[in-house]
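Remarks on the structure that follows.
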Amino acid sequence: MSRPHIEFIQAQALPWRRGLPGGLRNDVEVKLLSRDADTGACTAILRYPEGWARPNDEMLCADEEFFVLAGQLEIGGIGYGPYDYAYLPAGHVRKKARSARGAVVLTFFEAEPRPARDRENFRPDGGFVERIDTNLLDWKLALHDPKVPYGLMTKTLRIDPDTKERTWMNSLLPGSGGMTEGSLGAKEFHPVVEEMFQVSGDLCYDYGRVMPGGYFWRPPGKLHGPFGTRTGYFQLFRCKGGPLVNNWTEPEHRFTYDPPHAPVLPPDLMPFGAEPYTGQAPY
């Protein structure tokens, strides 16, 4: 994987562009959050205009994973609304698609998103998820690791049957987590990539204060933490390169609810994220 460390960027600060890398969906507005220079895999926010339609069937050479942030999208007669989730493997035939009222969709492509002439890269057991209404899933306390913030709740959306990569949701209530101003906490790191989009609330940690629309792509081995939240939060997470394993340092790092804005960004994103975002756009 050759994506740079992005921690963090507020999507609101990025410009809308027309179409995806590779020329796909040129009739859709896109905010490109990150991209792998070698494979073309990318993460983006797609804004489908009102009345958008794809009357013909479509196959892609890349797995397409998405989470609806707002609006309505329909693929093959399946309707997707806010907080609906799907994973469509490469080679999966996407039947006629449309968005009568428009939609904003957080989308992950596992290779350069381009049309496929046949079922190239198709994995019959590639973790196909037609639709999950995440509103109907129960939150479960994250009791698998006693060092995670107390009160952290999760919803697992998908585990890849081959790689054990996972997509899940995190939530923490205001005042949860056990961190107070000035208290000491541990940093953590993982042997795999960790990717996150902040859907709501705030996250306070050593890189700054992440607000709704905040995004990071964190390569393996990067230290981060400790964490806290003033408002509570709701986040969408993915791990890439295998299952997520938590590793911890000693609890010797001082926590603050007012961290300095100190993002790590590649040169092309620095103009958009060097200063805290202060606008009002939702993403």
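The table for this structure:
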{"quantity": "Residue that is surrounded by 19 or more Cβ atoms within 10 Å (Cβ to Cβ), assigned to a strand (DSSP E or B) and among the charged types (D, E, K, R), where the choices are Glu130, Glu112, Glu195", "calculated": "Glu195"}
{"quantity": "Ser183 out of contact with any strand residue (DSSP E or B) (no Cβ under 7 Å at 6 or more places or on another chain), hydroxyl-bearing (Ser, Thr, Tyr) and surrounded by 14 or more Cβ atoms within 10 Å (Cβ to Cβ)", "calculated": "yes"}
{"quantity": "Output for region 2-36, where each listed residue is under 30 Å from Gly225 (Cα atoms) and modelled with pLDDT under 95", "calculated": "Ser2, Arg3"}
{"quantity": "Within region 1-103, strands (runs of 3 or more DSSP E) holding 1 or more residues that are within 21 Å of the chain's Cα centre (by Cα)", "calculated": "6-10, 29-35, 42-48, 64-71, 73-75, 78-80, 84-88"}
{"quantity": "Unmet requirement for Ala90, which otherwise passes all of (1) in contact with a Cys (Cβ under 8 Å, 6 or more places away or on another chain); (2) surrounded by 18 or more Cβ atoms within 10 Å (Cβ to Cβ); (3) farther than 20 Å from Lys240 by Cβ", "calculated": "(3)"}
{"quantity": "Residues within region 137-168 that are part of a strand (DSSP E or B), surrounded by fewer than 16 Cβ atoms within 10 Å (Cβ to Cβ) and modelled with pLDDT of 90 or more, tallied", "calculated": "3"}
{"quantity": "Residues satisfying the stated conditions in region 1-43, i.e. without any contact (Cβ under 8 Å) to a residue 12 or more places away in the chain and either out of contact with any strand residue (DSSP E or B) (no Cβ under 8 Å at 6 or more places or on another chain) or at positive phi (or both)", "calculated": "Gly19"}
{"quantity": "Complete set of residues in region 1-59 that are more than 28 Å from Gly221 (Cα to Cα) and among the small types (Gly, Ala, Ser)", "calculated": "Gly19, Gly22, Gly23, Gly51, Ala53"}
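Table: residues versus (1) modelled with pLDDT of 95 or more; (2) not in a loop (DSSP other than H, G, I, E, B); (3) not hydroxyl-bearing (Ser, Thr, Tyr).
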| position | (1), (2), (3) |
| --- | --- |
| Gly182 | no, no, yes |
| Val199 | yes, yes, yes |
| Gly221 | yes, no, yes |
| Gly242 | yes, no, yes |
| Val245 | no, no, yes |
| His261 | yes, no, yes |
| Gln280 | no, no, yes |
| Tyr283 | no, no, no |
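Yes/no matrix, rows are residues, columns are (1) in the same structural domain as Glu195 (by TED's automatic domain parsing); (2) surrounded by fewer than 16 Cβ atoms within 10 Å (Cβ to Cβ); (3) closer than 28 Å to Lys31 by Cβ:
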site: Thr229; (1), (2), (3): yes, no, yes
site: Tyr233; (1), (2), (3): yes, no, yes
site: Cys239; (1), (2), (3): yes, no, yes
site: Arg254; (1), (2), (3): yes, yes, no
site: His261; (1), (2), (3): yes, yes, yes
site: Pro276; (1), (2), (3): no, yes, yes
site: Ala281; (1), (2), (3): no, yes, yes
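The values are calculated or read from the model by the stated rules, or taken from the named source; none is laboratory data. As the structure is a computational prediction, the values presented were derived from the model and not from experiment. Every residue, glycine among them, receives a Cβ derived from its backbone with ideal geometry; neighbour counts consider all protein chains shown.
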